[in-house]
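Just so you know, all these numbers are worked out from the coordinates, no wet-lab data involved. Note that the structure is predicted; figures quoted are calculated from it, not measured. Methodologically, a virtual Cβ is constructed for each residue, glycine included, from the backbone with ideal geometry; neighbour enumeration extends over all protein chains shown.
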Amino acid sequence: LSNSIVAASIIEWKKNPTMVALGASETLALAAMDCSASEVERLVIDAPQDEIYLHADPVLIRLALRNLLANALKYSPPGTPVQVSIAPDEARFGVVFRCTNQVADARLLLGDLFSRGKRGLDNSYDGYGLGLFMVNETARIHHGELSYWQGSPREVTFELLLPL
């Protein structure tokens, strides 16, 4: 699915998402397959041995995960690994997807990264600035949250929390 098509449809999804039992690891694996074949080998995925199930819209979650992965691959230096993990979060009764990567330019993390139309530094990257906006909206629709932090000036971690 195109981000533009989904962005146009997300208002309707807010009203009536299709909520089903969904395997977190399985959905992440599908999202990884949606990434560029030449870049997938950079993904280092750490998923639990036993599947974690959540109640969510499968299209929105897969697209949100694909956008997290694609952003990490796009904005990190070529050839560097992107660490992705799935873990239960018992304190918040949810599942956490974490995506950690190096950043080619720390200035890319300035401003409201989750706003509609936010793009890479000086618009030097392809896209419409919808990726993280859609991940954030997907989190909201599912009563979850999207956040990020810098582990160092050249490393960023995005965290998508979704309730079980």
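Just flag the chymotrypsin sites (Phe, Trp or Tyr not before Pro) in region 51-103 sitting in loop per DSSP whose Cβ has no more than 13 other Cβ atoms within 10 Å.
Values: sites: Y53, Y75, F93, F97; in loops: F93.
Passing both the DSSP loop test and the Cβ count: F93.
Please give the length that would be gained between S36 and D89 if that part of the chain were fully extended, namely 0.36 nm times their separation in residues minus their C-alpha to C-alpha distance (nm, one decimal).
Stretched out fully, the S36 to D89 stretch lengthens by 16.1 nm.
In region 62-105, which trypsin sites (Lys or Arg not before Pro) fall in coil by DSSP and have 14 or fewer other Cβ atoms within 10 Å?
Here the trypsin sites (Lys or Arg not before Pro) that fit, given the DSSP loop and packing criteria, are R92.
By how many nm would the segment from E26 to H143 grow when fully extended, if each residue of separation counts as 0.36 nm and the alpha-carbon distance is taken off?
40.0 nm
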